[in-house]
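This report concerns only the one structure given below.
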Amino acid sequence: MFVSYKWLAQYVDLSGVTPQELAEKITRAGIEVEGVETPASEMKNIVVGYVKEREQHPNADKLNKCLVDIGEDEPVQIICGAKNVDAGQYVAVAKTGAVLPGNFKIKRAKLRGEESNGMICSLQELGIESRLAPKEYAEGIFNFPNDVTPGEDALEALNRDDAILELSLTPNRSDALSMIGVAYEVAAILDRDVKLPEPNPAEADEKSADSISIRIDAPADNPLYIARVVKNVKIGPSPLWMQTYLMNAGVRPHNNVVDITNYVLMEYGQPLHAFDLDRLGSKEIVVRRAADGEKFVTLDDTERTLSSDQLVITDGKKPVALAGVMGGANSEVHEGTVNVLIESAYFDGQIVRTASKAHVLRSEASARFEKGVDPSRVQAACDRAAELMADLAGGTVLSGSVIAGDLSMEQKQVSITLEKLNTVLGTDLQMDSVEDIFRRLQFETETVGSEITVTVPTRRGDIAIPEDLTEEVARLYGYDHIPLTLPEGAVQPGSLSPYQLGRRIVRRYLEGTGFNQAITYSLTSSKRASEFALEQREPVALSMPMSEERAFLRQSLLPHLIEAAAYNNARQMASVALYETSSIYLNEGENVQPKEEERLAGVVTGMWHEHLWQGEKKAVDFFTVKGIVEGLAARIGLQDRLTFQKAAPAGFHPGRTAEVLLDSEPVGFIGQLHPSLAKEVDVKEAYLFELKLDVMLHAAREDLSYAAIPRYPSIGRDIALVVDSTVEAAALEAVIKHAGGSLLTSVRVFDVYEGQRMEEGKKSVAFALTYADPEKTLTDEEVTAVHEKVLIALKEQADAELRG
Amino acid sequence: MEQQLNELQSQALEKIAAAADLKELNDIRVAYLGKKGPVTEVLKGMGKLSAEERPKMGALVNVVRETIANAIEEKQTVLEAAAIEQQLALETVDVTLPGSPVKIGAQHPLTRITEEIEDLFIGMGYTVAEGPEVEQDYYNFEALNLPKGHPARDMQDTFYITPELLMRTHTSPVQVRTMQKHGGRGPVKIICPGKVYRRDSDDATHSHQFTQIEGLVVGENIRMSDLKGTLDVFAKKMFGADREIRLRPSFFPFTEPSVEVDVSCMCGGKGCSICKGTGWIEVLGAGMVHPNVLEMAGFDSTKYTGFAFGMGQERIAMLKYGIDDIRHFYTNDLRFLKQFSVHE
């Protein structure tokens, strides 16, 4: 909402308050003023000029040589390129030395040999947007009506010296969608009076009711419809003050009748519509629901297909307006209009909203109906428009209004006790200060004991419950005056849940190993939504996505992490280590909330360790990610419960991927990104992991108890085994552990060899075994006895020979 | 004989003084004090002496032996020190060469902000509540005093999945769910962080996905002044002890009264580009929980009151670290992320 300071001053005394001060006060009281525009501040030396003579420039076809009276001793010669300039016009002249918006300075110049002392201006050159300039001045220079004097300040005449406050209104404050509404707000803030217009049109004997009758077939959608008839109007431009006020309010002037309806809309917040009475096909107005598929051409010359959830104004047969949204081309006021029907109605917000949404038509009118207009202004606005049409368009206002329907004008009463008010705000207000705030708002009050009952004017539809009164008091009393306290009462300790703490530990662990935390989008494309999913389901789809790229909910974190790795690779960052902990979403069926599971995923590519001048360089490989995951398991107490088994899920390298099992339940995968996929997304050899973080954290060990530090020395034995190449180390380890029993305290692989010195199809795997007894020092004989058992078991169960 | 011993001593001391290294010194020790050395030789000649001279000479021999041994000892200490010095000189490295790198990963700045806020409020007795990102219309809107068709729903353009299911537009549904779990009994004191979604085209200041953290306190006698005091603590902790807060009336369907909360700008009110010359930066929205919301969540609104507040971590991070484009948070450029590995 654009509020003209000069216009507003007609309803409330603004003396002593600058536009900037006013903006600050309005903002602090609850309606945010986003900006204050002062067009004249970037212009100077612009006056009204009278074009005395105009002739063709002797040396240029497209230029005019004008002699212009600018109120000085001698007229000045100005060269003007506008097609529409002519003698006898009053125009805006930027004199030599003038400044126009954009710090454009006007200097004396010679144009094709002819002297030019200034510039004749268009509205755009004076900072008015083209969309707001009247159509006849959308191009070319502007002409003043004849009531100006050469030499007077053109900016003042055009109300460019105004200040325009841009109000950003929250949905509850639709009362401020009008100049009068803003005036009430400002009056309350400044503690001043509101001066309202008192429309009292002089009426002819002829009755409006003789020209029109009204029937409402849909009273729930349209509880009240008021019409007045104004005859014999002369269509022409509206006066300059009205045009300029409208432009400052962001409305384009058209002609006097249309401008008047818009002016009253801005003034009262009550949308009006003017029909050409003679173009209505009948003497009756019927308000009804549209028929499904009914066609109607709105006044923007667009054919609309209507439906039964929309309301139309008809002449009894065909629609003449889409109620509350836009009029029809068939009954539009035009140059030849003589008799006008003014519509002032109350339409239900929901029905207007439905139509304006369906046709993507948001008008000043629909915006107000949707939020609810003041029932008490329907009649006043109609009278005001009729009065202005008599004054400014020479019309004859017929007697009375035609009124159909009935609308409650009852004012709500809301009560609150002083105690409640002070308790909620934490203040110590006295009743007289509370009463004074409501007096400033022009709300009637009645106080009984400590309870105050407020009669809420119909203009403030947002106030309905005691809490609304609390807010009115708080905002006008000033939030700055509310003290700073902290909640009282029993103090309960705050903490993270074990799960939340576990998640933090996982994150810190990964960051400690060199992974950077990524956050990627949850929404993805159809293709990405199914890639790498641990569990394949139909992905959850948005009903109206904004793009194909963000149309589905992801089922794996990996696709976007891989994208992030590729992004970094493409920017000279060859080594990338990223992880993410986020939810994935599993479809549980139509209209059922998807199952959200928290996952931990990572991508790593390039060098894992690099210390060049010492010749150390280690590229990322499968065992890098495996080590990370094993370390993670150790960190959260799952080290003995995770196992890895060879797997080949889609998207992974079939020979370098393992399924991760927690107590033999699958919890994810680790492995290399399939090289062909890597090529497709343009990422280097990359290793991935994705794990069910929620499952792992819920399984994580929470108790911790101390185990005694060994008091007796351990004995180590190394063995190198020759086995078939296909035998997995874990299988050998399992045999060793089983046979080693309780004396075997650790088994570690320390060498793996496969190559020239080995028989074809064989490999050597070397283990370091440690034996210890917590109760005593082991003898060599005792160790040998167990160790022999291990070797026999290896031979029998894994066909493993000791390497000679 | 006495003379012989004295000569021997001075000769030995001379050689000891001249010894250049430990080996040479050891040779001297063997030569003079060894079993075949001259001192031993002298001792062997003692048999020829008289009974009177014998103890006298014996003492003298001991003195000479001791003198030589002490001299060797002293020299040895000196030579050993020199040897160590020499060894250390050989082992000297160029300390300006780069060290073996230890990788330090960075926490995402949004997580950093989230955890900082969580910890602040945990310290004030709050717990952290979380909930689903795909929500029912009921929890995201209706239970928050936003019935279907309410104009204020336009304030939050929503990604719908079905007419009843949507991507949550704020973390407020977690507040509703938590309140419901309390079965109408206070106090409730929670902070709700999480991802939220709105139908916005991504640009420098808009993101279709972003993060929010909301707080909720419900109890008997919870006051607006408590909200103000709590947010004052928050602002001072997050932005600096010298910061102030300012409440401006606003509108949210789920709170009444509702306020926007500004934090004083780091320019100290002088006016800068961040606060657009106003001296204040809008940081969060807040208010007293609307009685309809309390009632729908099972609380008696005549007995209980509450306050709620909410903010976007992106905005806080942008202000705190001077980040100029919201898309940086979701691009995962390492050059961006790595800047947040530093602990403040």
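The values are calculated or read from the model by the stated rules, or taken from the named source; none is laboratory data. Just so we're clear, the structure is a prediction, and the values are computed from it rather than from any experiment. Don't worry about glycine lacking a Cβ; one is built from the backbone with ideal geometry, like all the others, and counts go over all protein chains shown.
Here are a few things to note about the model shown:
- Residue A:505 meets all of the listed conditions (1) more than 7 Å from every other protein chain (Cβ to nearest Cβ); (2) outside any helix (DSSP H, G or I); (3) aliphatic (A, V, I, L, M) but one, namely (2).
- Residue match in the range B:93-114 (condition: more than 10 Å from chain A (Cβ to nearest Cβ) and touching a residue at least 60 places away in the same chain (Cβ under 8 Å)): yes
- Only listed residue being under 30 Å from residue B:264 (Cβ atoms), modelled with pLDDT of 95 or more and not assigned by TED's automatic domain parsing to the domain that holds residue A:170, chosen from A:473, A:448: A:473
- Listing of helices (runs of 4 or more DSSP H) fully contained in the range B:282-344 that carry 3 or more residues being within 21 Å of the chain's Cα centre (by Cα): B:313-321, B:334-337
- Where a residue in the range A:657-677 is in the same structural domain as residue A:535 (by TED's automatic domain parsing) and its partner, wherever it lies, is surrounded by fewer than 19 Cβ atoms within 10 Å (Cβ to Cβ) and β-branched (Val, Ile, Thr), with Cβ under 8 Å and at least six apart: A:660/A:643; A:661/A:643; A:662/A:695; A:664/A:643; A:665/A:695; A:667/A:695
- Some residue of the range A:473-480 being in a helix (DSSP H, G or I), more than 8 Å from chain B (Cβ to nearest Cβ), in contact with a helix residue (DSSP H, G or I) (Cβ under 9 Å, 6 or more places away or on another chain) and surrounded by 19 or more Cβ atoms within 10 Å (Cβ to Cβ): yes
- Take the conditions (1) more than 30 Å from the chain's Cα centre (by Cα); (2) away from every other protein chain (no Cβ under 11 Å); (3) closer than 27 Å to residue A:467 by Cα; residue B:272 misses just one of them, which is (3).
- Residue within the range A:206-227 that is part of a strand (DSSP E or B) and of a type in the set (S, T, N, Q) present: yes
- Qualifying residue in the range A:372-383 (condition: crowded, with 24+ Cβ neighbours inside 10 Å, touching a helix residue (DSSP H, G or I) at 6+ places or on another chain (Cβ under 7 Å) and in a helix (DSSP H, G or I)): yes
- Here residue A:717 fits the description: more than 30 Å from residue A:579 (Cβ to Cβ), charged (D, E, K, R) and either touching a His at 6+ places or on another chain (Cβ under 7 Å) or surrounded by 12 or more Cβ atoms within 10 Å (Cβ to Cβ) (or both).
- All strands (runs of 3 or more DSSP E) inside the range A:565-654 with 2 or more residues being of a type outside the set (Ser, Thr, Tyr), closer than 21 Å to residue A:502 by Cβ and out of contact with any Ser or Thr (no Cβ under 8 Å at 6 or more places or on another chain): A:595-605
- For the range A:290-308, the criterion of being within 16 Å of residue A:227 (Cβ to Cβ), outside any strand (DSSP E or B) and touching a strand residue (DSSP E or B) at 6+ places or on another chain (Cβ under 7 Å) is met by no residue.
- Within the range B:65-87, residues that are assigned to a helix (DSSP H, G or I) have Cβ atoms under 7 Å from residues that are exposed (fewer than 14 other Cβ atoms within 10 Å of the Cβ) in these pairs: B:79/B:21, counting only partners at least 6 apart in sequence or on another chain.
- All of B:306, B:287, B:279 fail the test of being touching a Ser or Thr at 6+ places or on another chain (Cβ under 7 Å), more than 8 Å from chain A (Cβ to nearest Cβ) and surrounded by 23 or more Cβ atoms within 10 Å (Cβ to Cβ), apart from B:287.
- Condition check for residue A:333: in contact with a strand residue (DSSP E or B) (Cβ under 9 Å, 6 or more places away or on another chain), farther than 20 Å from residue A:218 by Cβ and assigned to a helix (DSSP H, G or I): no
- Residue check for residue B:213: surrounded by 21 or more Cβ atoms within 10 Å (Cβ to Cβ), in contact (Cβ under 8 Å) with a residue 60 or more places away in the chain, within 10 Å of chain A (Cβ to nearest Cβ) and part of a strand (DSSP E or B): no
- The range A:483-502 - residue that is of a type in the set (Ser, Thr, Tyr) and within 19 Å of residue A:694 (Cβ to Cβ) and, of those, farthest from the other protein chains (Cβ to nearest Cβ): A:499
- Looking only at residues in the range A:410-442 that are within 22 Å of residue A:458 (Cβ to Cβ) and out of contact with any helix residue (DSSP H, G or I) (no Cβ under 8 Å at 6 or more places or on another chain), the one that is nearest to the other protein chains (Cβ to nearest Cβ) is A:412.
- Test: residue in the range B:166-184 that is facing chain A (nearest Cβ under 7 Å) and at pLDDT 95 or above: no
- Only one of the numbered conditions (1) among the β-branched types (Val, Ile, Thr); (2) within 18 Å of residue A:353 (Cβ to Cβ); (3) over 34 Å from the mean Cα position of the chain (by Cα) is not met by residue A:320, and that is (2).
- Residue match in the range B:139-156 (condition: at pLDDT 95 or above, within 11 Å of another protein chain (Cβ to nearest Cβ) and closer than 14 Å to residue B:253 by Cα): yes
- Checking the range A:510-525 against the condition returns a match, with at least one residue being of a type in the set (D, E, K, R), free of Cβ contacts under 8 Å to residues at least 40 places away in the same chain, at the interface with chain B (Cβ under 8 Å from one of its Cβ atoms) and over 30 Å from residue B:217 (Cβ atoms).
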